[in-house]
1. How large is the charge dipole for segment 126-188, taken about the Cα centre, if only the Cβ atoms of Lys, Arg (+1) and Asp, Glu (-1) carry charge, to the nearest 20 debye?
2. Using the Kirkwood formula on the Cα atoms of segment 139-205, what hydrodynamic radius do you get, in angstrom to one decimal?
3. Using the structure shown, list the pairs from LYS32/LYS154; LYS154/LYS191; LYS161/LYS184; LYS32/LYS184; LYS157/LYS184 with a Cα-Cα distance above 28 Å, or answer none.
4. How big is the convex hull of the Cα atoms of segment 83-139, per residue, in Å³?
5. Counting only residues 5 or more places away or on other chains, whose amide H sits under 5 Å from the amide H of GLY106 once H atoms are built in the peptide plane?
6. Using Cα centres only, tell me the gap between segment 1-34 and segment 51-104 in whole Å.
7. Let me know the volume per residue of the alpha-carbon convex hull for segment 60-173, in Å³.
8. Just want to confirm a number: the relative contact order over the chain, from Cα pairs under 8 angstrom separated by 6+ residues, in percent.
Amino acid sequence: MRIAFFGGTFDPPHNGHTGLAAQVIASGYTGKVLFVPTFSPPHKFGLPVTPYRHRLAMLRLAVGTMPGVEISEIESRLGMVPSYTFDVMSALEREFSSDRLQLMLGSDSLLQLHSWHMAGELVRRWEILTYPRMGEMPSVADLRKYWDADIAVKLAKTVMKLPFFEISSTEIRKMIAKNEKVDKLIYRDVKEYIINNGLYKSLEK
């Protein structure tokens, strides 16, 4: 089975995350989406991130019983600080030895993929599934700045034909801090969890 690795902080998880997962499966790009909440994201190292246990609990509420979707706590088990996608996927490959892993990322991240840890090996070892982000659609010329021509062409072709899911966790955190309505952006159970645990109150209003 093809399994798409979907990593992120999910701080908080929102309807864009789950909607994207459902579309990727429904469109036949993969057989399963594996949500992998980041334990210690390297790109946010030293910045405030909601504790892992809260992000994991919210993700469980958001995903619920969605068909074809699972959550992996592998980053917590590995306990790597910071945690790199290459290392996590290598560990998952041993866990799902009879399956084929894919790496799912946004087109904005595709533009930055060259800067990731072991980027060349990531591209060589695993199929990339890129979901489109508004205003962040890399061309071959853009990618050619960082990759050889054949790799640049290969990466440009990884962008999936999907609708845009333009919801931002950052904006949701700000809206919650300002007591603005987020009912259409996150699941009710996730909203209740945030309120009950007093999350995002410390943000500047």
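Nothing in this text is a laboratory measurement; each read-out follows from the coordinates by a stated rule. Please read all numbers here as calculations on a predicted model, not as lab measurements. Cβ coordinates were reconstructed from backbone atoms using ideal geometry, including for glycine residues, and neighbour counts include every protein chain displayed.
1. Working: 12 positive and 9 negative charges, 56 e Å.
Value, rounded to 20: 280 debye.
2. Details: mean 1/r = 0.0666 Å⁻¹.
The answer is 15.0 Å.
3. Numbers: LYS32/LYS154 23 Å; LYS154/LYS191 40 Å; LYS161/LYS184 24 Å; LYS32/LYS184 25 Å; LYS157/LYS184 32 Å.
Over 28 Å Cα-Cα: LYS154/LYS191; LYS157/LYS184.
4. Working: hull volume 4.8 nm³, N = 57.
Taking only Cα atoms, segment 83-139 has a hull volume of 84 Å³ per residue.
5. Result for GLY106 returns TYR131.
6. Rounded to whole Å, the Cα centres lie 11 Å apart.
7. Details: hull volume 16.8 nm³, N = 114.
Per residue, the Cα convex hull of segment 60-173 comes to 147 Å³.
8. Numbers: 299 pairs, mean separation 51.1, N = 205.
This gives 25 percent for the chain.
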